[in-house]
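Trainee: Pasting in a structure now, in structure tokens, and then I'll have a few things to ask.
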Amino acid sequence: MSMHIAVVDAVHPLLSERLVRAGHRVTAMHLLDDHALGQALHDVQGIVVRSRQLTSELLRQAMSLCFVARVGSGLENIDRGYCDAAGVLVINSPEGNRDGVGEWCVGHLLALLKHTHRANAQVHAGLWEREGNRGTDLCGRTVGIIGFGQMGSAFAEKLAGFGVHILAHDKYRTELPPTVVPASLRRIQEECDVISLHLPLNEETTHYANADFFNALAKSVWFLNSSRGAVLHTAALLDALDTGRVTAAALDVLEFERSDLSSLDPTIDPATQRRLLANDRVLLTPHIAGVTHEGREKMARVLADKIIAAFS
């Protein structure tokens, strides 16, 4: 089945090349604004998207639409309700950047434990502080992973060899690898030294890690979030850092990001943003955990495979 497929974001060229070789017609539309894009979608059967917002108003202008394919994992930029009602297949490619996310989590967890960001800044400033930067070993710690899909499982895989105990909580997944112990949220809050979030963003998970979440912790934890910014209530995390319920945190995603991931939006809770940016116990990166050279190509290849398999 030959289809006309619109690519509405800049993506790895391998994706279009694979689709064209499979007999499909691919049109690059990433430079069009929403008005022009809506007009151009009238005869397409497929849309490939990365971070662009695909609203129902935009999608309904594609009268013959069969699928929407996301280069990445999260689907919150796609109107899933419209797609479900219209019978439009929604595809994503979390397999492509899972290694990057898993490695980011291990790297930043070690950076927190060993104070490498602070020690680096001190040495550059001419200071040589050894005892004040005494670190903590990861070996022997208990790591809690909340959400055990592609990203959570990748983190667990990368932890192999560190001598840690891994607990995982995922209400939609019961079968876990033998090295991972299924656990309730309460058990993770009571036993874990490290907690890492790997949840999709939806109504159920918005502000999942809130004041109640942190107040339920039995001991101080190192906290990671590389999923979606709004899964965490940032003000609650900062309060937990102030009270000692959280020792330190690493965040790749922030609830203050613009929807197109281009930057932070300074109009969203500016007081909390200032408080976050001033806290030297939080490592921050600009939504780059899965942004690797290898991941970009892998996501394109995985997505092409899925589209071709579904519409060959």
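Read-outs throughout are calculated quantities, based only on the coordinates presented, and are distinct from any laboratory measurement. Note that the structure is predicted; figures quoted are calculated from it, not measured. Note: ideal-geometry Cβ built from the backbone for every residue, glycine included; neighbour counts use all protein chains shown.
Trainee: With N set to the number of residues, divide the alpha-carbon radius of gyration of the stretch 95-232 by 2.2 N^0.38 Å and report two decimals.
Mentor: Numbers: Rg = 15.8 Å, N = 138, 2.2 N^0.38 = 14.3 Å.
My calculation over the Cα atoms of the stretch 95-232 gives 1.10.
Trainee: Counting only DSSP beta bridges with both residues in the chain, tell me the antiparallel percent, nearest 5.
Mentor: Values: 1 of 41 bridges.
Beta bridges within the chain, antiparallel portion: roughly 0 percent.
Trainee: Next up: Where in the stretch 18-48 is the amide nitrogen less than 13 Å from a point lying 7 Å along the Cα-to-Cβ axis of Ile308?
Mentor: 18-24
Trainee: Count charges around Leu264 for me, please; just the other residues with Cβ under 15 Å from its Cβ, Lys/Arg as +1, Asp/Glu as -1. Could the numbers behind the result be given before it?
Mentor: Values: positive: Arg228, Arg258, Arg274, Arg275; negative: Asp252, Glu255, Glu257, Asp260, Asp265, Asp269.
Every neighbour counted, the sum reads -2.
Trainee: Compute the length gained on full extension between Leu31 and Ala86: take 0.36 nm times their separation in residues and subtract their Cα-Cα distance, giving the result in nm to one decimal.
Mentor: Values: separation 55, 0.36 × 55 = 19.80 nm, distance 2.65 nm.
Gain on extension, Leu31 to Ala86, equals 17.1 nm.
Trainee: Can you give me the Cα centroid spacing of the stretch 261-289 and the stretch 151-174 in angstrom?
Mentor: 27 Å
Trainee: Rounded, prolate or oblate for the stretch 1-98? Axes are the square roots of the Cα gyration tensor eigenvalues, ordered a ≥ b ≥ c, and the cut-off for rounded is a/c under 1.5.
Mentor: Numbers: a/c = 1.34, a/b = 1.10, b/c = 1.22.
It is rounded, given that a/c, with a ≥ b ≥ c, falls under 1.5.
Trainee: Where does the charge balance sit around Ser184 when Lys and Arg score +1, Asp and Glu -1, over other residues with C-beta under 13 Å from its C-beta?
Mentor: Working: positive: Lys171, Arg186, Arg187; negative: Asp170, Glu190, Glu191.
In short, 0.
Trainee: Could you compute the longest span of the chain free of chymotrypsin sites (Phe, Trp or Tyr not before Pro) located in DSSP loops and having at most 11 other Cβ atoms within 10 Å, not counting the site residues? Before the final figure, lay out the partial values.
Mentor: On the way: sites that count: Trp128, Tyr172.
Maximal segment without exposed cleavage sites: 173-312.
Trainee: Another question, then. Taking Cα pairs under 8 Å and at least six residues apart, what relative contact order does the chain come out at, in percent?
Mentor: Details: 575 pairs, mean separation 57.8, N = 312.
Once divided by the residue count of the chain, the mean separation gives 19 percent.
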